[in-house]
Each structure stands twice: as structure tokens, then as C-alpha cells.
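Report on one structure; see the data block that follows.
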Amino acid sequence: YTLDWLLYILFAINVAYLLVCSLASLCRYKPFVTAPARTSKRFAVFIAAYREDAVILPTVHACLAQDYPDDRYDVVVISDHMQPETNAVLSSLPIKLLQVDFEKSTNTKSLQAALGYLDKAAYDIALVIDADNIIAPSYLSELNDAFSVSGVRVVQTHRVAKNLNTGMAYLDAISEEINNSIFRLGHANLGMSAALIGSGMAFEYPLFYDAMMSNTSVGGFDRVLEMELLYKGVRFHYLPDTFVKDEKIQKVRNFYHQRRRWLSAQYYSLGEFVHHLLPAIRARKWDFCDKLYQQASFSRVLLLGFTFIISLAYSLCASSLAYKWWGIFFLLLLALVLAVPRHFWKWRLLKAFCLVPYSFLLMSFNLFRLREANKKFIHTRHGVG
């Protein structure tokens, strides 16, 4: 009974955390108000492209089509192991192309190479987007307005699905929107820092430069970047109406590899920063403590799967202990349901939901392969059907 209650309390805290943030996301007011900026800040748009020949050109063209003064931003593509034909086309465009050839490639190395290549004093804002992302013409202007607000140093924009062509892509898109609701909009509405997501994120340039040049992560550079900046007391703002389109996972195999990289980055950053917990509590750095708790928690799929299995096991073997477990299982379902945007409530949602048990199995297998995942860069292929 003691073990049961200890385990139950751990799970219940996690469920309550998700439910509170999910409810907070239902408040539709904007986390902070922007106004048209009087000046145009200088942007460096970083695109780390490792074997991204299939998707890089539409992304670059979208960046070049901004309703923003041409002389106030540069598109910087870091081409790593891309085809000569792709590099030739990129060279003909008005961008800064940096060709690298790392023996062991990572996004961290690519971004560090670009930061070392550029003049640090030439830019005000660093924007990081993925090679498969598409941004609207007003994107830079909206970011510029946000950074004109006093105290804004880091901004995360709203990443949405670019494709919904398979059941896995639909499930991945829903998962992303649940994250947006709980960890970004919900947190912002509660007065806390929004979570970074790896792309569609912008920083004061000197802040980004200093944090990235000391970053040593293999996968998930954004996790380490996030923890470091939060420990320094930097707050992350969220723009729910400024969108960046991102390609969603289309194949099960790619889902497996991507989630393994994410889980590895999660627990790696936990190990790197857990010793800062007590100093952070003493200094009342609650955003850092909150993020550290997120890193120590189960992912939603694992939490959902394990809660269901425990509830079912108790129903079969010790029914008197099952009621409280079924209670938090349904509260967890409620938290996730509330976080799903209305436009996803279609018949396809039921089909995508059928993939959840399989996703749980894949995530469970990944738990046993995390150590090797942090030793090499695991690339997610884009532009494949």
C-alpha cells in the first residue's frame, strides 16, 4: 500500500500539472501586447541544413519573401552534406551560404560555425528555423514588433503542421498543438516562461551568441540552451498568432528516431542542470525549477500508457486500489482533450488515436536506448512521403 501511494502521488502530481496548464491555455487573451515598432531591428535568420536537399529551397524562398527591409536581415544557410547541385542553386540566391563538412554533424556545430563566421556586432536578433519550415511574409515584422516591447529578449512563435497527409503526421500535429497549449500558451497565461521548441525561436543576438558558443549538446541543443538561459533569469515570451509551418513525421520509423533524440536530449539536460536545483530555489528562479521538473517527468504518451496499464492491472488483481488510478487516468485524458484545438476534432482524430498504443510501445523501447542516442546526431528526414 505504501509503494502504491508513493507511485500514485508521483503520477497524480504530473497529471495535476498538465491539467492546470491545459485549463490556463483556454484563456484566449494574448500573453503580451505588441505595437508597431518604430525601428527595424537587424535579423540573422539561421537555417542549419543537414542533408535537407528536398526541402531547403522553399524555406529559403519564404525567408526572402518577407515584408521587411531587405537590408535589415540576412538569411544564413549552413549547408552540411548537401548535394553540389543544391549548393549551386543556393549560391545564386541573395543569402549567406556557409558550407561545412563535419565528420560528426550536429545542429550545435552548424550554428556555432555560423556565429563564428558572422560579425557579432552586425545583428540585433538571431532567429532559428528548421530547414523544412515555412514562414509568412509578415513573420519578421511581427517578431520586430515583439522585440520592441521593453524586457523582451527571447520569443517563441507558434509552430504548426505543414502537412497532415498520413495518420502519423496527424497524430504528430496534434501532439505539437497539445505542447503549444500546455507548455507555451498555458505557461504564458500563468505568468511563466513559454517552452522553446527548437525552431521558430528568436533571441537577442548577444544573448544567443554567448549561450550557443558554450553549448556542447549532441542532440536537442534547444534543451540545453533553454536551461542555461532560464538559470540566468531570462524569460521566454510566446506569440500564439505568429505561425511557422513545420513538416510533421510521416513514417513510424522516423517517429521512433525523432522521439529517441528528444528523450535523450530531455534526460541529458536534466543530468547537466539538476545540481542547480537548490541554488535556483534559494534564488527563486521558478521558471528554471519548472523546466527542470518538466525534464524529470514522463512524456505524455508514456504517462498515459503507464497510467492505463496500472489502472487495468489493479482492476484485474486488486480492484479496491483501482478507483483512484482510473480517476487520474480520466483527468489526464481531460487535460489532453482540452489542449487539442477545435479544428482537429474530425473523424481523422479517432484514426490517429488508434496509433497511440503503438506510439507508447515505441517510446517505451526508446527508454532503453537513450545513452547511445546522445553519442551521435540522429537526423530526421524531411520531404519524404
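The values are calculated or read from the model by the stated rules, or taken from the named source; none is laboratory data. Values in this document were obtained by computation on a predicted structure and should not be read as measured data. Every residue, glycine as well, gets a Cβ built from its backbone with ideal geometry; the counts of neighbours run over all protein chains shown. For the accessible areas, the whole protein counts, side chains as well, though only heavy atoms, and no ligand, DNA or RNA atoms are used. Shrake-Rupley method; radii C 1.70, N 1.55, O 1.52, S 1.80 Å.
Summary of values
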{"item": "Aspartates and glutamates whose Cα lies under 13 Å from that of residue 41, excluding same-chain neighbours fewer than 8 positions away", "result": "70, 71, 74, 124, 142, 145, 204"}
{"item": "Protection-proxy order for peptides 76-84, 33-41, 201-209, 126-134, each taking the mean of Cβ atoms within 10 Å per residue, highest first", "result": "126-134, 201-209, 76-84, 33-41"}
{"item": "Considering only the chain, percent of DSSP beta bridges that pair antiparallel, nearest 5", "result": "25 percent"}
{"item": "19 Å Cα-Cα reach of residue 109 towards lysines, excluding residues that sit fewer than 8 places from it in its own chain", "result": "96, 120, 375, 376"}
{"item": "Degrees, to the nearest 10: 322-339 long Cα axis against longest axis of the chain", "result": "30 degrees"}
{"item": "Cα→Cβ-extended label distance, 7 Å offset, between residue 296 and residue 65, nm", "result": "4.7 nm"}
{"item": "Percent carbon-and-sulfur accessible area, the chain, ignoring ligands, DNA and RNA, probe 1.4 Å", "result": "61 percent"}
{"item": "R0 of 35 Å, Cβ-Cβ distance residue 320-residue 32: FRET efficiency to nearest 0.05", "result": "0.10"}
{"item": "Highest-fluctuation residue, 245, 109, 351 considered, GNM on the chain with Cα pairs under 10 Å", "result": "351"}
{"item": "Folded to 0 to 90 degrees: helix 167-179 orientation relative to the chain principal axis, Cα", "result": "90 degrees"}
{"item": "Mean Cα-pair separation over length for the chain, i.e. relative contact order, pairs under 8 Å, 6 or more apart, %", "result": "23 percent"}
{"item": "Cβ-derived FRET efficiency at R0 22 Å, residue 150 paired with residue 207, nearest 0.05", "result": "0.90"}
{"item": "Helix 107-117 axis, angle to the chain major axis (alpha carbon atoms, nearest 10°)", "result": "30 degrees"}
{"item": "Cα-Cα P(r), the chain, percent of pairs per 20 Å interval", "result": "27, 59, 13, 1"}
{"item": "Residue-averaged 222 nm ellipticity for the chain, from DSSP H runs of 4+ at -39500 (n - 2.57), nearest 500", "result": "-15500 deg cm²/dmol"}
